[in-house]
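Novice: Pasting in a structure now, in structure tokens, and then I'll have a few things to ask.
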Amino acid sequence: IVDEVRSDIGSYADLELDVTNQLLLAGAFRYEAYSDFGNTLNGKIAARFKVNDQLALRASVSSGFRAPSLAQVYFNSTFTDFVAGQPIDKFIAKNNSPITRKLGIPSLKEETATNISAGFTATPIEGLTATVDYYYVNIKDRIVLTGAFDQSDPDIGPDLVALNVGAAQFFTNALDTKTNGGDVILTYAFRMERNHFNL
């Protein structure tokens, strides 16, 4: 039985300012304090510029943070798997267990992210609205569950034999990912006699 508790206190503030009739600036920050993990401060800056009544540009940059979940830090599971007809005891070890420390698995750390977006909204003709956005998300130290390391592994196989474990898996900060893409939304509204149509 595992009985673990976490508390988290956060505060958030944002501010929007019409610098001119055309330019809007916005900023935000979030501060969080975890009882078992530490503190984090993240922010966002955004701007919107109205070129004219038909075109507006916008962009934003922000940072993100995700602490390891309690399950990722403390989850344990032992089960028997059959490989080629042979039973093998497999162990998903919690991050701070003696096995993970023996095998040199480091303590989990937070995932951090940088987000960038830019785009525009245009109304080139009456009734037609186009919204185009580009986004980029860079996440570092993503937490994943590894595959099973068994006793034949050249690096940790002898340790598993010594610990009398057939195979082991762990949660670890293993990946950095980058995602980018775009969204295009076209909306056309028109009226025909008494009816309104949206496409």
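Novice: Here is a list of conditions, (1) open to solvent by 40 Å² or more (accessible area, probe 1.4 Å); (2) at pLDDT 95 or above; (3) of a type outside the set (F, W, Y), and A130 meets all of them except one; can you say which number that is?
Specialist: Against the list (1) open to solvent by 40 Å² or more (accessible area, probe 1.4 Å); (2) at pLDDT 95 or above; (3) of a type outside the set (F, W, Y), A130 comes up short only on (1).
Novice: Here is a further query. Looking for whichever is open to solvent by 40 Å² or more (accessible area, probe 1.4 Å), part of a strand (DSSP E or B), farther than 30 Å from N164 by Cβ and touching a Ser or Thr at 6+ places or on another chain (Cβ under 7 Å) here; the options are N138, N115. Which one fits? Outline the logic, then answer.
Specialist: Details: N138 fails: open to solvent by 40 Å² or more (accessible area, probe 1.4 Å).
Matching residue, one of N138, N115: N115.
Novice: Restricting to segment 141-199, and then to whatever is within 30 Å of P124 (Cα to Cα) and hydrophobic (A, V, I, L, M, F, W, C), can you tell me which residue is least open to solvent (accessible area, probe 1.4 Å)?
Specialist: Residue satisfying both the conditions and the ranking: A189.
Novice: Something else about it: Can you give me the ranges of the strands (runs of 3 or more DSSP E) entirely in segment 6-112 with at least 1 residues that are crowded, with 16+ Cβ neighbours inside 10 Å?
Specialist: Working: elements: 8-18, 23-34, 38-52, 55-66, 77-83, 86-93.
The strands (runs of 3 or more DSSP E) meeting that bar are 23-34, 38-52, 55-66, 86-93.
Novice: Also: Within segment 124-133, can one find any residue that is farther than 26 Å from T78 by Cβ and outside any strand (DSSP E or B)? Outline the logic, then answer.
Specialist: Our first condition is that a residue be farther than 26 Å from T78 by Cβ; within segment 124-133, this holds for 124-133.
Narrowing the set further to residues that are outside any strand (DSSP E or B) leaves 126-127.
Yes.
The values are calculated or read from the model by the stated rules, or taken from the named source; none is laboratory data. Note that the structure is a prediction, hence the values are computed from the model and not measured. Cβ: placed from backbone, ideal geometry, glycine included. Neighbour counts: every protein chain shown. Heavy atoms of the whole protein, side chains included, go into the accessibility calculation; ligands, DNA and RNA do not. Shrake-Rupley method; radii C 1.70, N 1.55, O 1.52, S 1.80 Å.
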